[in-house]
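These notes concern the structure reproduced below.
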Amino acid sequence: MTAVPSLTLNNAVQIPQLGFGTFQIPPEDTRETTLAALEAGYRHIDTAQMYGNEKEVGQAVRDSGLDRADVFVTSKLNNDAHGHDNALRAFDRTLEAVGLDYLDLFLIHWPLPAKGEFVETWKALEEVYRSGRAKAIGVSNFQPRHLRRLLEGSDVVPAVNQIEVHPYLTQDEVRAFGAEHQIATEAWSPIAQGKVLDDPTINRIAERVGKSPAQVTLRWHIQRGDIVFPKSVTRKRIEENFDLFDFELSEGDIGEISALNRNERTGFDPDRFNG
Ligand SMILES: NC(=O)c1ccc[n+]([C@@H]2O[C@H](COP(=O)([O-])OP(=O)(O)OC[C@H]3O[C@@H](n4cnc5c(N)ncnc54)[C@H](OP(=O)(O)O)[C@@H]3O)[C@@H](O)[C@H]2O)c1
């Protein structure tokens, strides 16, 4: 099994570039599915308070027999928990739910700009970070204007910004802002929940390199330097999505896939979504 490369975050924490997403995995299936991912070789699991499956993710990590230090666990603050004190209490609930001593990464899930509380909320995450109960902290769905406000009003630069990225939404501006400020980009819905898999360009490249459209799309993310965590409840796909390290796309392939961008979101627009 080829090792997944690790990236170094801005506070020197190492993160596996490929992980496993758990959005929309029902809690009753989450332990078994996460264990299947860990058996397939994944060492990075992405969950959130909103997904309702943190407890089962934690159970899988604890039951896997792996050393805690060998699995990277991320969760995210729910939209109803913005504000300093609410965020601190919500983090405590997460840590209790997962049954682990620390999280590797904890994120503000959405900026909720109309609420105007994300800077204050970030202060709470900074306290959690300083306590060592989250090895890194970051944000999700932040646009450059939100990041600028956050950077002005705080001490800790987010380690990551987790945003929707796939061939139909290449997010050039937000990724460039992140690169400039040492904020790593995590790409959510990396295969656009399946929508890019019928794309003729991706299928042509997939045929040429002898890989599936999902593998080509995930490899495109990896070669662009983003962190990805595809979700699947299907064992065969869980294994397929992990098998990305025995081939390379050419610069031409990367350019052709990037040119598919049509600024098409599958999820909410972070400027308009307010929880
Ligand atoms: N921060 C945020 O706001 C946010 C928002 C959305 C997602 N996320 C994170 O990002 C993760 C990934 O995004 P996502 O779950 O939205 O979408 P995704 O990973 O792009 O796609 C998942 C969908 O694609 C199917 N699929 C997976 N691998 C496949 C393959 N090899 N061939 C064909 N179909 C395949 C899955 O089906 P089956 O499961 O039926 O196999 C599922 O329907 C989430 O799980 C979550 O951790 C974060």
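The values are calculated or read from the model by the stated rules, or taken from the named source; none is laboratory data. In this text, all values refer to a predicted model and were calculated from it rather than measured experimentally. Cβ placement follows ideal geometry from the backbone for every residue including glycine, while neighbour counts extend to all protein chains displayed. When the accessible area is computed, the model is the full protein with side chains, heavy atoms only, and any ligands, DNA or RNA have been set aside. Shrake-Rupley method; radii C 1.70, N 1.55, O 1.52, S 1.80 Å.
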(request) Might you check whether a residue that is among the hydrophobic types (A, V, I, L, M, F, W, C), under 25 Å from residue 232 (Cβ atoms) and buried (at least 19 other Cβ atoms within 10 Å of the Cβ) occurs anywhere in region 79-92? (result) no
(message) For region 70-96, which positions are more than 18 Å from residue 136 (Cα to Cα) and within 16 Å of the ligand (Cβ to nearest atom)?
(response) 79, 80, 81, 82
(message) Take the conditions charged (D, E, K, R), part of a helix (DSSP H, G or I) and surrounded by 21 or more Cβ atoms within 10 Å (Cβ to Cβ) and apply them to residue 56. Does it pass?
(response) yes
(request) Within region 1-53, work out how many residues are open to solvent by 50 Å² or more (accessible area, probe 1.4 Å), β-branched (Val, Ile, Thr) and either in a helix (DSSP H, G or I) or in contact with a Phe, Trp or Tyr (Cβ under 9 Å, 6 or more places away or on another chain) (or both). (result) 1
(message) Criterion first (farther than 20 Å from residue 164 by Cβ and open to solvent by less than 10 Å² (accessible area, probe 1.4 Å)) does residue 97 satisfy it?
(response) no
(request) Run residue 146 past the list (1) within 16 Å of the ligand (Cβ to nearest atom); (2) in contact with a strand residue (DSSP E or B) (Cβ under 7 Å, 6 or more places away or on another chain) and report the number of the one that doesn't hold. (result) (2)
(request) Could you list all residues from region 59-77 that are in contact (Cβ under 8 Å) with a residue 12 or more places away in the chain and open to solvent by 40 Å² or more (accessible area, probe 1.4 Å)? (result) 59, 62, 63, 66, 68, 70
(request) Filter the helices (runs of 4 or more DSSP H) completely within region 159-275 down to those with at least 1 residues that are surrounded by fewer than 19 Cβ atoms within 10 Å (Cβ to Cβ), acidic (Asp, Glu) and within 14 Å of the ligand (Cβ to nearest atom). (result) 235-242
